[in-house]
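Colleague: Sending over a structure as structure tokens; questions will come in a sec.
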Amino acid sequence: MAPRRSARRQGHRTRRLAVLLIAFVAGLGVLPGVALAAPAGQQLNAADAALLAGVRLAGLWEMPAGQMAAEKGRSPRVREIGAEIAKQHEELDRLTVEAANKLGATIPTDPTPEQKGWLTEMKNARGTQFDQIFVTRLRVAHGNIFPVIGAVRATTRDPIIRELAEAANTFVNDHMAMLESTGLVRWAELPPAALPAPGDDGLLAAASANTAPSFGVSSALVWLVFLGALATGGIATWRMVRRT
């Protein structure tokens with residue numbers, strides 16, 4: 001019986017690995033303008049490239065979103081944090097461009113079609129509806145990129161990426177706190193955390209056994225968390241905005 005159980009367990013692991021690889025390959029087409037080439041013949045791994053592209057894309061749409069909030073927000077608090085978020089994203093964007101230049105990586109120059117749609121949605125909204133859409137969209141977006149920053153910071157071997165991750169972590173955490181201070185965050189409707197599936201070789205099993213597994217977070221897993229968070233967050237945001 002033991003060999004049969006071992007074979008089944010190996011089969012489960014093989015299927016999970018296949019899912020991760022499929023998600024990784026599919027993810028390469030989601031973040032435009034990502035280059036995996038770095039100077040001196042070194043290779044920029046997928047997780048580091050995901051951080052560069054993700055933080056850059058965040059700035060490309062959240063800067064104009066913050067500027068809109070500063071100009072047309074109904075609540076004085078929304079106008080205040082909109083201006084501050086736009087200002088801070090300018091600084092974070094500068095750091096991201098500098099990091100990409102040092103690494104010889106190509107990063108996006110335009111928001112994604114989905115992000116452009118969010119900006120159009122905000123342009124067409126007025127009054128309290130605008131405030132709700134602004135807070136909802138940005139809070140979900142910041143929540144999506146936050147775990148990616150943490151995963152890359154914990155595993156990257158590149159000092160340039162590590163420094164960028166530390167800066168991004170500070171900015172994103174600050175922005176979430178500011179958005180939450182408006183009182184407009186619908187906590188019950190935020191997307192759930194993207195966690196690995198439980199299993200006898202997974203993170204949750206190790207935590208329940210109160211042991212520390214000795215392995216790193218794979219690049220494929222970082223992409224899977226990122227893409228899963230984007231999909232889940234997009235659905236949850238659409239539902240929240242629809243109810244506004």
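Colleague: What shape does segment 83-165 take by its C-alpha gyration tensor, where a ≥ b ≥ c are the square roots of the eigenvalues and a/c under 1.5 counts as rounded, a/b above b/c as prolate, and the rest as oblate?
Modeller: Prolate shape, in that a/c is at least 1.5 and a/b is the bigger ratio.
Colleague: Would you kindly state how much longer the chain becomes between Glu114 and Asn101 on full extension, computed as 0.36 nm times their sequence separation minus their alpha carbon distance, in nm to one decimal?
Modeller: Net length gain for the segment: 2.1 nm.
Colleague: Which three lengths, in whole Å and largest first, does segment 123-169 cover when its Cα atoms are put on their principal axes?
Modeller: Result, largest extent first: 46, 15, 12 Å.
Colleague: So if each residue of separation counts as 0.36 nm, and I subtract the Cα-Cα distance between Glu163 and Gln67, what length gain in nm does that give?
Modeller: 31.9 nm
Colleague: Sticking with this one: Using only the Cα atoms of segment 40-142, what semi-axes does the equivalent ellipsoid have when each is the square root of 5 times a gyration tensor eigenvalue? Give whole Å, largest first.
Modeller: 30, 13, 10
Colleague: If you don't mind, there's one more thing I want to ask. Tell me, what ³J(HN,Hα) does each residue in segment 55-64 have, in order and in whole Hz, if you take phi through Karplus 6.51 cos²θ - 1.76 cosθ + 1.60 with θ = phi - 60° and put x for Gly and Pro?
Modeller: 5, 4, 4, 4, x, 5, 10, 7, 5, x
Colleague: How high is the relative contact order of segment 60-171, given as a whole-number percent (alpha carbon pairs under 8 Å, six or more residues apart)?
Modeller: Computed value for segment 60-171: 31 percent relative contact order.
The numbers here are math on the coordinates, done by the rules we state, and not lab data. Quick caveat, the model's predicted, so the values are computed rather than measured.
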